[in-house]
Amino acid sequence: MIFQEPGQDGTQGQQEESANLRDTLQVTEADLAKMKRELEESSKAHKDLVDGLKKEIDDGSIKITRLKNRLSVEIVDKILFASGSAKITPEGEGVLKKVSSVLKDVKENDIRIEGHTDNVPIGPRLMEKFPSNWELSTARATQVVRFLSHQEVPPENMLAAGFSKYRPVAGNDDPEGRQRNRRIEIVLFPRDIVGIVEEIKRD
């Protein structure tokens, strides 16, 4: 028969629990530090973009918004593309160069380039190239990603997404609303959101 001193198991359990708690606290501190860096980076990017794009913001071509840890740069499509085209215009290249001068320093956040359209179907003349607004919105987002990567924005930080007509910011009942819906949106958001999604998928 083996005798154990009273409380031996309890002491060992407490030590393990304390070790686990220390590990948890270390992870939490690391996460908090990462969140702080992400927020500081997003705040700086917001200020630099507002300063660098003042003319475009004043004339209504660009709208910049920041909500908590999400920064959005909304660019109306007529600045970047001709109607029905996914080729960036010279004027659009000038705007994107200003944007890239800020985004190339982004390290802590991911950058999602979103293509959006109005609800007007693709005309017959363009249907061979873009069967629907899905293809057009995706092609435009991809072209912006490609251009930004050539301007030294780290490609590993970027992703392209086409949302077609399904995320409008205005009504499609009048020309002004449709024009607002035809846009490219550049969104900065914390990288850990992507990690959480991937972890959920694995589970």
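For residue 184, which of the numbered conditions (1) modelled with pLDDT of 95 or more; (2) closer than 25 Å to residue 107 by Cβ; (3) more than 15 Å from the chain's Cα centre (by Cα) fails to hold?
All conditions pass for residue 184, except number (3).
When you scan the range 56-70, how many residues do you find that are within 19 Å of residue 151 (Cβ to Cβ) and assigned to a helix (DSSP H, G or I)?
Matching residues across the range 56-70 total 1.
Taking the range 40-74 only, how many residues are over 14 Å from the mean Cα position of the chain (by Cα) and aliphatic (A, V, I, L, M)?
So the count comes out to 5.
Hey, among the residues in the range 111-144 that are surrounded by fewer than 19 Cβ atoms within 10 Å (Cβ to Cβ) and touching a Pro at 6+ places or on another chain (Cβ under 8 Å), which one's farthest from residue 71 (Cα to Cα)?
Top of the filtered list is 122.
Quick one: would you say residue 191 is modelled with pLDDT of 95 or more, charged (D, E, K, R), closer than 30 Å to residue 104 by Cβ and touching a strand residue (DSSP E or B) at 6+ places or on another chain (Cβ under 7 Å)?
Taking the combined requirement at face value, the residue does not satisfy it.
Look at the range 99-141 and say how many of its residues are in contact (Cβ under 8 Å) with a residue 40 or more places away in the chain, touching a strand residue (DSSP E or B) at 6+ places or on another chain (Cβ under 8 Å) and not charged (D, E, K, R).
11
What is the residue count in the range 56-90 for residues that are out of contact with any Gly (no Cβ under 6 Å at 6 or more places or on another chain) and surrounded by 13 or more Cβ atoms within 10 Å (Cβ to Cβ)?
Summing the residues that are out of contact with any Gly (no Cβ under 6 Å at 6 or more places or on another chain) and surrounded by 13 or more Cβ atoms within 10 Å (Cβ to Cβ) in the range 56-90 gives 22.
Scan the range 146-157 for residues that are touching a strand residue (DSSP E or B) at 6+ places or on another chain (Cβ under 6 Å) and crowded, with 20+ Cβ neighbours inside 10 Å and report the count.
Here the count works out to 0.
Output the helices (runs of 4 or more DSSP H) that fall wholly within the range 71-175 and possess 3 or more residues being farther than 27 Å from residue 44 by Cα, or say none.
In the range 71-175, 133-150 are the helices (runs of 4 or more DSSP H) which contain 3 or more residues that are farther than 27 Å from residue 44 by Cα.
The values are calculated or read from the model by the stated rules, or taken from the named source; none is laboratory data. All values derive from a computational prediction rather than experimental measurement. Every residue, glycine as well, gets a Cβ built from its backbone with ideal geometry; the counts of neighbours run over all protein chains shown.
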